[in-house]
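This report refers to the structure that appears directly beneath it.
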Amino acid sequence: MIVNLFDLEKKFTKKLPKGIEGYYSSGARDEVTLKRNRSIYNEYELLPRLLRDVSEVDIRTSILGLDIDMPILIAPVAMQQMAHKDGETATANAAKTLNTIMSHSTISNKSINEIGPIHNKTFFQLYFSKDRNFTSEMLKNCKSLGYKGIVFTVDAPRLGTRERDERNSFKMPSDLKLGNFVGTKFEHFDKIEEYDGSSMRVHSDHLFDPSLTFDIIPWIKEQSSLPVLVKGILRPDDATQALSYGADGIIISNHGGRQLDTVVPTLKQIEPIRNTIGYEPLIIVDGGIRRGTDILKCLALGADAVQIGRPILWGLQHEGQKGVELVLNMLKSELIETMILSGCKNLDEVTRDLVTKVY
Ligand SMILES: Cc1cc2nc3c(=O)[nH]c(=O)nc-3n(C[C@H](O)[C@H](O)[C@H](O)COP(=O)(O)O)c2cc1C
């Protein structure tokens, strides 16, 4: 019986081939941050308000002018056809049904031409290629394809080493392609070079541009004519910098513990970043969010919304679009339950005093 996200995770771990499961589930090196992203939620406790008439609870919100039904978004996750044949198409359709926002990864199986038109609340996640013309072309196409924002991922000047992928010699199956790279050497992993370990790492070493600095943000805005969210921020001073270069919001993320191991868990950074950048700027957070209570804690500490990564894959593998809908619905009803039991009628009532830190 599936009661919560972890029931889906168990099924996922058993079902998929070792190489693919390893790629999806693993974190960098010792996976310390991967585990801390979750364990930190037990270091914050709730202080619910009582007798507040919670007969009706409203969790609708608005992100960059897009009205959505809940503050739970879908994070960019690469290569979703390894989990289900419908891949990113299923995820986009689920986002549409649940009226929330999906971010579509640069290194997806389905191209921007296929995903952009599905749902009018989709962001394109940018991995900035060494080939600047290629990046420019993609960005210029996003708006007319229906994308509403660019999620610029900045925590990956190179890929963090996931040792499970090295041991498993992870490769994307050869019958799949990277949709945005058709006709280039990046379409299939094996076109680049033979390597014993993770082909994903070789692939990104060739692709990702490590020379970027904050002043690339205005260029991305200009090329795309879309708002830009900077993803991967962990420090208050980096948040301030990103905003001063024109970012329209930030995403506090450590890439689900997949980049630099032992970095801080994301929950811990919400409050210091909010206190530094002030009340107005948009903050989204991801990393280890699996429960309605996790979401309430993020919002109380200063986030406007959260997003989830791996659980989307668990849902996809389980039942394609319906499985992703199940994941979103489970989290949505957990959040509503948490709001009712905490005395919150709407998201404005989710305030800092609802959470206390365990010392
Ligand atoms: C298998 C996998 C692939 C990912 N691919 C991308 C990607 O292409 N671009 C990106 O910005 N982040 C990517 N991420 C990171 C997610 O966007 C997100 O930050 C992270 O998964 C959130 O943590 P969670 O999985 O614990 O919910 C990926 C994460 C996973 C697990």
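The values are calculated or read from the model by the stated rules, or taken from the named source; none is laboratory data. All values reported here derive from a predicted model rather than from experimental measurement. Neighbour counts are summed over all protein chains in view; Cβ atoms, including those assigned to glycine, are modelled from backbone coordinates with ideal geometry.
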| request: Can you confirm whether the stretch 117-125 contains a residue that is assigned to a loop (DSSP other than H, G, I, E, B), away from the ligand (no atom under 12 Å from the Cβ) and of a type in the set (A, V, I, L, M)? | output: yes
Flagged in the stretch 328-354 as crowded, with 21+ Cβ neighbours inside 10 Å and farther than 18 Å from N99 by Cα, in numbering order, are T338, M339, S342, C344, V350, L354
Report task. Scan the stretch 82-101 and give yes if some residue there is touching an Asp or Glu at 6+ places or on another chain (Cβ under 8 Å), hydrophobic (A, V, I, L, M, F, W, C) and within 21 Å of W314 (Cα to Cα), otherwise no. Result -> yes
The correct count of residues that are under 30 Å from Y195 (Cβ atoms), part of a loop (DSSP other than H, G, I, E, B) and without any contact (Cβ under 8 Å) to a residue 60 or more places away in the chain in the stretch 126-171 is 3
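Looking at G65, G87, which one is in contact with a helix residue (DSSP H, G or I) (Cβ under 8 Å, 6 or more places away or on another chain) and on the phi > 0 side of the Ramachandran plot?
Exactly one residue qualifies, and that residue is G87.
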Practice problem: Report yes if P265 is at pLDDT 95 or above and in a loop (DSSP other than H, G, I, E, B), otherwise no. | Solution: yes
Residue hits (the stretch 112-148; of a type in the set (D, E) and either touching a Phe, Trp or Tyr at 6+ places or on another chain (Cβ under 7 Å) or closer than 13 Å to S224 by Cα (or both)) are E137
T266 vs (1) touching a Leu at 6+ places or on another chain (Cβ under 7 Å); (2) within 15 Å of the ligand (Cβ to nearest atom); (3) of a type in the set (S, T, Y): all pass except (1)
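Do we find that L207 is in contact (Cβ under 8 Å) with a residue 12 or more places away in the chain, within 16 Å of the ligand (Cβ to nearest atom) and not β-branched (V, I, T) in this structure?
yes
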